[in-house]
1. Quick check on my filter: what residues within segment 118-134 are at pLDDT 85 or above and either loosely packed, with under 10 Cβ neighbours inside 10 Å or in a loop (DSSP other than H, G, I, E, B) (or both)?
2. With modelled with pLDDT under 90 and surrounded by 10 or more Cβ atoms within 10 Å (Cβ to Cβ) as the only criterion, which of 36, 109, 78 stands out?
3. I need every pair where a residue in segment 20-47 that is closer than 21 Å to residue 6 by Cα has its Cβ under 9 Å from the Cβ of a residue that is at pLDDT below 85 and surrounded by 10 or more Cβ atoms within 10 Å (Cβ to Cβ), sequence separation at least 6 or different chains.
4. Name every residue in segment 58-114 that is under 30 Å from residue 126 (Cβ atoms) and part of a helix (DSSP H, G or I), in order of residue number.
5. Whether any residue in segment 155-164 is modelled with pLDDT of 80 or more and surrounded by 10 or more Cβ atoms within 10 Å (Cβ to Cβ) is what I want to check.
């Protein structure tokens, strides 16, 4: 058997190498059998308190008890609600009747005056960057239109040259066809 054994590694003794390889392989198989999985695939634990939900049952019982007590206090709660509503409406009327202490029109006028002062002392006019950008964009658009016109004019010239050169040829072809028909 050791004569037919082919070792992967070079060795002096095939018999020893075969024994070592067999021992290494057997140890490997034992490790594979005893290996534990890295991922837990077991079903999760079930906890009774998550399924029974005692707190929910307790709250439901308390709510039912409160409902029965609340039905006795319904009239009192309605009267209290009406009183609060009336008070809120009175406060709203007083607020709406009151003239504002701040004049927003005066604020707007003051702001415009301040902007005018700032414009007067500024080195550059307001929004100078945007105006400059708009002017540059207009110039670019104008150049694009001129280039498009030049392209169209160039194509029109080429078309005219082709048509003028092509017409006599077509006329000659027509004449040749008519002569062929007559003969």
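1. Listed by number, the residues that qualify are 120, 121.
2. The unique qualifying residue is 78.
3. Qualifying pairs under 9 Å: 21/5; 21/7.
4. Across segment 58-114, the qualifying residues are 104, 105, 106, 107, 108, 109, 110, 111, 112, 113, 114.
5. Residues of segment 155-164 that are modelled with pLDDT of 80 or more, as a first pass: none.
So far as segment 155-164 goes, no, none of its residues is modelled with pLDDT of 80 or more and surrounded by 10 or more Cβ atoms within 10 Å (Cβ to Cβ).
The values are calculated or read from the model by the stated rules, or taken from the named source; none is laboratory data. Since we're looking at a predicted model, the values are computed, not measured. Ideal geometry is used to build each Cβ from the backbone, glycine not excepted, and the neighbour counts take in all protein chains shown.
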